[in-house]
Amino acid sequence: MKTSPSTPVPLTNAQRQKFRDYGFLASVPILSQDEVWELRDRVDHIRHNLAKYKSKLYEVESAHSERPDEVICHFLGAWLIDSKLRELVFDPRLTVPAAQLLEVDRLRFWHDQVFYKPAMHPGVVPWHQDYSYWTRVAPARHITIHLLLDDADEKNGCLQFVPGSHRWGLLPSLPFDSPLEQILEYLSVEHAADFLPQFACVPAGSATFHHSHTLHGSAGNRSTRPRRALVFNYMCAQTRVADDIQPLLRLAPHLPVGALVEGELFPIVLPRLD
Ligand SMILES: O=C(O)CCC(=O)C(=O)O
């Protein structure tokens, strides 16, 4: 069967079971080589012009702006600026497997992220669970897709996951510039014994999928290659506001507690409504 570039390959039952058991799935091919090259250029353009684009993004990691030689580049909201990134948010190659793994029929977009690790850079992403940063919305039914724009391996700081940690309950959130292993201070004796990270070596154009409670992080880049990744965060369509002390994202309208998280910034991506 001939498939168009945007045709998703459904995940197998074995892949879905692996996600349920371990809390992550690697590595799923998504992009063609041409798309990878194009996206590298687009992401690099935004990164080189962060001062210009800052007001159009949800967030630029302040610790990186202050200490770029120590903290990696991380920003949210590039889908608002770049048309190809916007298309990807709705791309069935991302949304269909995400809905399959989340076990939902309707999927809503939460936000995107870019993580850029320059060559020979010490910056880490400390061990964390994504939902520890998202408790202002509920229920906790979210999934993260980490899509590589460079081959990622141990040397250039690929993502690492702790299998089974999605069943450990919610741990505290830590600042982005914390040391890699800070979370170990908060683990019970049992969980510390089960803290057995696995490296996710993933080629450019492929992605990992992880559960909102799976512990993950990444070490510094000891290679002469950059490690660029696009991240797409999705959630179930019924997600509601749990805390309305401020808007959920910098450019988002204020939604009251109990309101559905909906509107232009939080579109339904599956089924496609166009
Ligand atoms: O790219 C990284 O090293 C971290 C990514 C991450 O934390 C995420 O995808 O949730």
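Would you point out the residue of region 77-93, among those that are in a helix (DSSP H, G or I) and aliphatic (A, V, I, L, M), that is farthest from the chain's Cα centre (by Cα)?
Taking the candidates together, the pick is Leu80.
How do the helices (runs of 4 or more DSSP H) wholly within region 1-76 filter down when requiring 3 or more residues that are touching a Lys or Arg at 6+ places or on another chain (Cβ under 9 Å): which remain?
Counting at least 3 such residues, we get 33-48.
Which is over 30 Å from Ala259 (Cα atoms), of a type in the set (S, T, N, Q), surrounded by fewer than 23 Cβ atoms within 10 Å (Cβ to Cβ) and at pLDDT 95 or above, of Ser132, Ser188?
Going through Ser132, Ser188 in turn, the sole match is Ser188.
Could you check region 163-173 and list, in sequence order, the residues that are part of a loop (DSSP other than H, G, I, E, B) and surrounded by fewer than 18 Cβ atoms within 10 Å (Cβ to Cβ)?
Pro163, Gly164, Gly169, Leu170, Pro172, Ser173
List pairs: first in region 206-229 and within 8 Å of the ligand (Cβ to nearest atom), second part of a strand (DSSP E or B) and among the charged types (D, E, K, R), Cβ under 9 Å, 6+ apart or cross-chain?
Ser218/Lys117; Ser218/Arg227; Arg227/Lys117; Ala229/Lys117
How about region 191-205: which of its residues are free of Cβ contacts under 8 Å to residues at least 60 places away in the same chain, among the small types (Gly, Ala, Ser) and surrounded by 14 or more Cβ atoms within 10 Å (Cβ to Cβ)?
None; the set is empty.
Tell me which residues, restricted to region 107-162, are β-branched (Val, Ile, Thr), outside any strand (DSSP E or B) and more than 11 Å from the ligand (Cβ to nearest atom).
Residues satisfying the conditions are Thr135, Val162.
Do any residues in region 12-37 that are closer than 18 Å to Arg227 by Cβ have Cβ atoms under 6 Å from those of residues that are part of a helix (DSSP H, G or I) and modelled with pLDDT of 95 or more, where the two are at least six apart or on different chains, and which pairs are they?
Pairs that qualify, where the first residue is closer than 18 Å to Arg227 by Cβ and the partner is part of a helix (DSSP H, G or I) and modelled with pLDDT of 95 or more, are Ile30/Arg93.
The values are calculated or read from the model by the stated rules, or taken from the named source; none is laboratory data. The structure presented is a predicted model; accordingly, all values stated were derived computationally and were not measured. When we count neighbours, we look across all protein chains shown, and the Cβ atoms used for this are built from the backbone with ideal geometry, even at glycine.
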